[in-house]
Amino acid sequence: MAGDDGLPSLGRVKLTDLIPSEGLPSDSYKLLDSARLYFQQREAYPSADMIHTNDSREWCKTSGYYADPQLWQETYDYRPGLTPIEPSNAMELPPGGLPDIFGLLGKAARGILDAMSYCLNLRSSPFTEILDNVPLRSREVSSSVLSVCCHARPSFHGAQHHNLTTQDDGQLMMFHDHGHQVDKSLISVVKSDKAGLHVRDFHGRWFLVDGDLGPQEAVVYPGLALYQATAGYVNPALHRTEINNIPGNMYGRCSLVFKLMPKSMTCLSCSEMRAAGHGVEAQFQIPVPVDDFMQRSHPTDQLFNRNTFQSFSFPTAQDAGPWINEMLVQDL
């Protein structure tokens, strides 16, 4: 999503369960602390069966702990229907509060998707058919996932190879060698324990997007699945993580990433966009099976070079942001 000046004010959603309150802290409030302790107890050299690179064939089957040394990143995936609620190993407790946070962020992500549909003049809840059942049926496995991530933990021996980049203000930033990433989700919601998430605009400039987040706020951005389902009208966010100040921190950078994903046995179709009167280019005319879409590579250099129609931009925060936030806050 971009306006004429590149990057508009980003969407944010209040996370009411993370507000400090009287008495003892809840599991939700302590989740990032719990994540730091969980990853700190992990070994420096994970076993071979826990080393995962970005294997697209397993996109809807990840669960539990795994590590990607190339990205210097460790992840614990919570996927309802697949991830055990009770740990099998009493000596290794997973981060706490995951079921509650999954439900909270899932409801927020669906609300954001509906608000974006409204801005595109689509009918109410147009993506329901490609989303998981609410609640899941017996023996169903969630396509959406809540990932608890730890980036650049000093005691984890990952491939610590980085690029140095000079920002517009002259400040030197450090990022990993693999450059930018793009999620294949419909909507991603991210909350971190320290700033460092950068998003690129149409002009190739990178912006720090989580530098001033309050305790009730998270970063929200669209992914490739929404780009496909909206015929390219909503561009996915290209993002990267800064690791400048992490080596001096014993825990690294911990974050929660909720990805609202389409179901594997459905198709991404632009029929809703056509019904709303939007032009649909030839490359989006044929419905794409979700499983094929997730396993396919998507060159990101083509995403911002399509000039056949004017890029869609959402209303400013003054026009749309407040009512979106209030809609999501109620009853969460």
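Quick one: is Val189 modelled with pLDDT of 90 or more and either more than 26 Å from Leu268 (Cβ to Cβ) or open to solvent by 10 Å² or more (accessible area, probe 1.4 Å) (or both)? No: the conditions fail for Val189. Residue pairs whose Cβ atoms lie under 6 Å apart, sitting 6 or more positions apart in sequence or on different chains, and linking a residue in the range 105-134 that is over 28 Å from Ser192 (Cα atoms) to a partner that is open to solvent by less than 30 Å² (accessible area, probe 1.4 Å) and polar (S, T, N, Q), are Pro126/Ser117; Ile130/Thr266. Residues in the range 69-95 that are modelled with pLDDT under 85 and surrounded by 19 or more Cβ atoms within 10 Å (Cβ to Cβ): Leu71, Trp72, Pro94. Would you check if there is a residue in the range 240-253 being part of a strand (DSSP E or B), out of contact with any Ser or Thr (no Cβ under 6 Å at 6 or more places or on another chain) and modelled with pLDDT of 95 or more? The answer is no, given that none of the residues of the range 240-253 is part of a strand (DSSP E or B), out of contact with any Ser or Thr (no Cβ under 6 Å at 6 or more places or on another chain) and modelled with pLDDT of 95 or more.
Selection of the range 34-61 for residues being open to solvent by 30 Å² or more (accessible area, probe 1.4 Å), out of contact with any helix residue (DSSP H, G or I) (no Cβ under 8 Å at 6 or more places or on another chain), modelled with pLDDT of 80 or more and not charged (D, E, K, R) yields Ser34, Leu37, Gln40, Gln41.
One line per residue, one yes/no per condition, for (1) of a type in the set (S, T, N, Q); (2) closer than 17 Å to Lys263 by Cβ:
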residue: Thr128; (1), (2): yes, yes
residue: Glu140; (1), (2): no, yes
residue: Ser143; (1), (2): yes, yes
residue: Ser147; (1), (2): yes, no
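Among the residues here, Cys119 qualifies as at pLDDT 75 or above, surrounded by 13 or more Cβ atoms within 10 Å (Cβ to Cβ) and closer than 27 Å to Asp201 by Cβ. Do we find that Gly179 is small (Gly, Ala, Ser), open to solvent by 10 Å² or more (accessible area, probe 1.4 Å), modelled with pLDDT under 90 and within 18 Å of the chain's Cα centre (by Cα) in this structure? So Gly179 passes the test. Of all residues in the range 264-278, none are at pLDDT 90 or above, in contact with a helix residue (DSSP H, G or I) (Cβ under 7 Å, 6 or more places away or on another chain), under 30 Å from Asp77 (Cα atoms) and open to solvent by 70 Å² or more (accessible area, probe 1.4 Å).
The values are calculated or read from the model by the stated rules, or taken from the named source; none is laboratory data. Remember, it's a predicted structure, so these values are computed and weren't measured experimentally. Cβ atoms come from the backbone with ideal geometry, glycine included; neighbour counts cover every protein chain shown. Just so you know, the surface numbers come from the protein's heavy atoms only, side chains and all, with ligands and any DNA or RNA stripped out. Shrake-Rupley method; radii C 1.70, N 1.55, O 1.52, S 1.80 Å.
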